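The values are calculated or read from the model by the stated rules, or taken from the named source; none is laboratory data. Computed from a predicted model, the values in this text were never measured in an experiment. Note that each Cβ is placed from the backbone with ideal geometry, even for glycine, and that neighbours are counted across all protein chains shown.
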Amino acid sequence: MRRAFLVIGALVVLLILGVLIGISLGTVKLSAHELASAILMRGDPVAHTLVWDLRMPRVVAALLVGSCLGVAGCLLQSSTRNPLGDPQLFGLGGGAAVMQALAMGGLLVIGNWTLFTLSVLASLVGAAAIAFFASRRGLSPARLALIGVSISVLAAAAATGILAESRVFGQQSLNFIGGSFANLAWRNVLPILPFLGIGLLLAFLAAGNLNVLVLGDPVATNLGAEPKRTRAIAIASSGVLGGAAVAVAGLVGFVGLLVPHLARSLVGHDMRAIFIVSIPLGAAVTLYADQAARLIFMPSEVPVGLVTALLGAPLMIYVARRVL
Amino acid sequence: MKKAFTALLSLFVLSLLIVAACSSSPTIVPTATPSDGGYPIIVTDFLGRSVQITEKPVRIVTTHPTATETLYRVGGTAVGCDASSVYPPDVQALPKVGSAYTISTEAISALSPDLILIESLTQANLVSALEPLGVPVVALRAASLDDIANGLTLVGEIIDDNDAATQAIVDMQDRIEAARGNCTGNKTALILISDAQRNIYAAKPESYPGSVAALINLGNPAAGLPDTGPYPGFALFTGEQALTSNPDIVFTISPAPPPAPRLSAVLLQTPGFNQMPAVKAGRVVELDPMLFLQAEGPRIADAVEEMLRLVNEVSY
Amino acid sequence: MLRLDSLSFASRGQKILSDVTTVIPDSALTCLIGANGAGKTTLLRVLLGELRAGSGTFYIDNTRASALSPKRIATYLAIIPQGIQPPPDFTVSELVTLGWSPPNRAFWWRLSAQERGSVQECITRCDVSQFSERRVEELSGGEQRRAWLAFALAQRKRYLLLDETLDGLDVLAKQSFFKLLKEVASEGKGILLTTHDLDLVTHFADKVVVLSGGRVNYEGPPIPNLQDLLLPASA
């Protein structure tokens, strides 16, 4: 565990650096002095708006969404004993995506908080399906992954269909690789906090037993660990976190897949260490991916999902070859 | 295995680059053989294809608002059109052959057409799909004022009513000139549209709505921006860019029909955009998406007049 | 002791266990033998509470256990299931530590120094202390079994159930493992081992229970010619 704390320390430094990048770089150039004044809310009001209403919400959103996804991935992978576990891949964000599409098409006119709550509840439907299948004896990891992919593809199709019906932008091919942190106001970001809190609370309840789950259900039961209950709590937590993440940023894929593997290579195989490191690691990966998406081809932007896919897809192929 | 993977990856990236380089289309100028009213005639359409029309077409099917409106503007009529064509009002009662993105060749053939008018930029793939019908297919385009004029001429030639075509062109040009004459002062207008991912794009002068604005001498803060994002003529516009631009008036286009929210309302909540002086002062106007985006063609004159009216109505 | 009284279990119309009555004593190594399909694993699963007996009952130290949940029963019995795979990357000491950990432990649970000592004792008792920091998956078959035994010991339960744990070991490894089990049993554990190795059973077991066609054909001290008892009495 000591190594975990070292890694967390390093990540905190990276995060601070990332936040600075996020608020200082952009199409509008600010000098160091202007930046400092803007942070302190002094000087040019346009600079304040730039820093506090434009760049900061985006940075904070990336951090919070990243933590949600990293933890969700960690919980899914360990509780289903499946190295491909990822909230988007397993369809846990699917229900939320459908809600988002309904809202974007104007078919659901509701306030932000209601939208968030509905998104999380809808995601829990996908979570329930995965929990059901994961508890069945003799279901290979490959099959579970396929079930999850089917759920997520179904949800993406539904969401795409809803958007196509409402003709949101004339002639475009509606590809849902999306996910974006662009144009987020504080009111779009802050509602994630209570869900992050609930999700983390549930996660901590399950996290103590994650190591034991690896031994298989019969032995885990024999140790008194109630694997079915732990698994249910872990997957429910992933559903809450995954749903809240989609409600903010849409389908940002592969972060949940990537983070636990990265954490494992940094701190070893103790699930508790991996879990605790996933929180800042998910935040860091997503923050840097979003900054890359935003800045590399400035003033154009690449969808953040593209960057995470570039990082995560090769890993997915590697893991699938090795393990499945 | 690793080598194979790297080779495959490089090939993939290379093909992406090639596709990107080839996607610029050459400029085609259509021609029609000046005729003495007799058929057959040979015309060149906007895809550069030579098409032979053996006799005066009486059962014409159109697959795009540009085609529909150009045809009707020179006095022709159709026996079927796509679902997106809504002008002139007569066409709403016509049998439909699909939406502008998914045309049904079966529905077209059921109408036994003797001519099919399509759009060249988005429906070029229809040419091969319609070949089995053995019916002449002519592609039109309305990417510029010249295009529209040439399109009117072309269709006029095809249905043997050159006078109507000439008249239509003259009308159109007169109205545009009149509008330009009524322009007051140097105003700047930012035209915005949003996509499914909450990204907001600004129409550059090269786009259809941008060219309408250019015709009445409105300045465009998006001029000179690189073509970013998937839609040619539109540039991705971030909150930061909005924060530092100060157009006199903001036009918004919301292609999705109600109940989808209007972009003009969404802008009030979007950071950066809601700080523009024009937005704060309420100088945000919704444009009709059909007129200004989806039905490019002879109604450009209507669009010009409408935009001028809106510009003049707002108090600065 | 574990006292089994007329346990019966049927699944899908098939009778798997019929009227199983026997006693598994404390501080002794009891071997449960029988042909494949005789019902050995099913009996273990009934004892663990995973399966509910159709009729009959069993007692653990005079507590009526047949109605208890697997979680409650887990406080008395430790199981090493058949064919168990070691968790990837775990070292022997990490595995044994897992055995020691309390159920549903909090996220921040840590071993105290004293507990670490006790865990080490289990490891030493099973003769795997030289592999303490090595990964279980890298050890030989016999060494892995010992690591699992240490894991079971660390749970500090009175009874250990081992299902075909000797499967796949060579003769020497089997012998030394049997010896170890016998020693551990005599130190105060009631061990029930299912196995096919009749010679070693005859040599090392304190008690033998023969299961044949779901019935107890013989229970008592080891006798020669046990193989004759494997066939159902009616055959």
For region C:100-117, what are the residues that are under 24 Å from residue C:71 (Cβ atoms) and free of Cβ contacts under 8 Å to residues at least 24 places away in the same chain? C:101, C:102, C:104, C:105, C:106, C:107, C:108, C:109, C:110, C:111, C:115
Within 13 Å of chain C (Cβ to nearest Cβ), of a type in the set (D, E, K, R) and assigned to a helix (DSSP H, G or I), is that true of residue A:272? yes
Being in contact with a Leu (Cβ under 8 Å, 6 or more places away or on another chain), among the aliphatic types (A, V, I, L, M) and modelled with pLDDT of 95 or more narrows it down to one residue among B:191, B:200, B:216; which is it? B:191
Residues of region C:105-125 being at pLDDT below 90, surrounded by 13 or more Cβ atoms within 10 Å (Cβ to Cβ) and not charged (D, E, K, R), in sequence order, are C:107, C:111
Give region A:18-38 a look and list any residue that's among the polar types (S, T, N, Q) and more than 31 Å from the chain's Cα centre (by Cα), or say none. A:31, A:37
Looking at region C:148-157, is at least one residue among the aliphatic types (A, V, I, L, M), surrounded by fewer than 18 Cβ atoms within 10 Å (Cβ to Cβ) and not assigned by TED's automatic domain parsing to the domain that holds residue C:21? no
When you scan region A:300-311, do you find a residue that is without any contact (Cβ under 8 Å) to a residue 60 or more places away in the chain, more than 24 Å from residue A:94 (Cα to Cα) and within 14 Å of chain B (Cβ to nearest Cβ), even just one? yes
Filter result for residue B:144 (among the hydroxyl-bearing types (Ser, Thr, Tyr) and surrounded by 21 or more Cβ atoms within 10 Å (Cβ to Cβ)): no
Of the residues C:176, C:212, C:186, which single one is among the small types (Gly, Ala, Ser) and without any contact (Cβ under 8 Å) to a residue 40 or more places away in the chain? C:176
Residue that is nearest to residue C:45 (Cα to Cα) [pool: residues in region C:154-191 that are away from chain A (no Cβ under 14 Å) and in contact with a Leu (Cβ under 6 Å, 6 or more places away or on another chain)]: C:191
So which residues in region B:294-314 are under 23 Å from residue B:65 (Cα atoms), more than 13 Å from chain A (Cβ to nearest Cβ) and assigned to a loop (DSSP other than H, G, I, E, B)? B:297, B:298, B:299
Would you mind telling me which numbered condition in (1) more than 12 Å from every other protein chain (Cβ to nearest Cβ); (2) modelled with pLDDT under 85 residue A:17 fails? (2)
Residue list for region C:111-133, restricted to those being acidic (Asp, Glu) and touching a helix residue (DSSP H, G or I) at 6+ places or on another chain (Cβ under 8 Å): C:115, C:127, C:133
Log entry, pairs with first residue in region A:142-165 being more than 16 Å from residue A:242 (Cβ to Cβ), second being of a type outside the set (Lys, Arg) and loosely packed, with under 14 Cβ neighbours inside 10 Å, beta carbons closer than 8 Å, six or more apart or on different chains, reads A:142/A:324; A:162/A:107
Only one of B:284, B:279 is under 20 Å from residue B:198 (Cβ atoms) and within 14 Å of chain A (Cβ to nearest Cβ); which? B:279
Where residue A:226 falls short, out of the listed (1) under 25 Å from residue A:99 (Cβ atoms); (2) surrounded by fewer than 24 Cβ atoms within 10 Å (Cβ to Cβ): (1)
Failed item in (1) under 29 Å from residue B:242 (Cα atoms); (2) part of a helix (DSSP H, G or I), with residue A:75 passing the rest: (1)
Inspect region A:237-244 for any residue being within 14 Å of another protein chain (Cβ to nearest Cβ) and either in contact (Cβ under 8 Å) with a residue 24 or more places away in the chain or part of a loop (DSSP other than H, G, I, E, B) (or both) and give the result as yes or no. yes
Considering only region B:235-266, state which residues are more than 8 Å from every other protein chain (Cβ to nearest Cβ), touching a residue at least 12 places away in the same chain (Cβ under 8 Å) and within 19 Å of residue A:108 (Cα to Cα). B:254, B:262, B:263, B:264, B:266
For region C:175-213, what are the residues that are assigned to a helix (DSSP H, G or I) and surrounded by fewer than 16 Cβ atoms within 10 Å (Cβ to Cβ)? C:176, C:179, C:183, C:186, C:199, C:203
Is at least one residue of region A:27-45 in contact (Cβ under 8 Å) with a residue 24 or more places away in the chain, more than 9 Å from chain B (Cβ to nearest Cβ) and either in a helix (DSSP H, G or I) or within 30 Å of residue A:257 (Cβ to Cβ) (or both)? no
Within region C:78-89, restricting attention to residues that are crowded, with 20+ Cβ neighbours inside 10 Å and within 7 Å of chain A (Cβ to nearest Cβ), which residue is farthest from residue C:123 (Cα to Cα)? C:81
Counting only residues in region A:46-64 that are within 24 Å of residue A:303 (Cβ to Cβ) and in contact with an Asp or Glu (Cβ under 9 Å, 6 or more places away or on another chain), the one farthest from the other protein chains (Cβ to nearest Cβ) is identified as A:62
Does residue C:110 satisfy being outside the structural domain of residue C:189 (by TED's automatic domain parsing), out of contact with any strand residue (DSSP E or B) (no Cβ under 6 Å at 6 or more places or on another chain) and closer than 30 Å to residue C:64 by Cβ? no
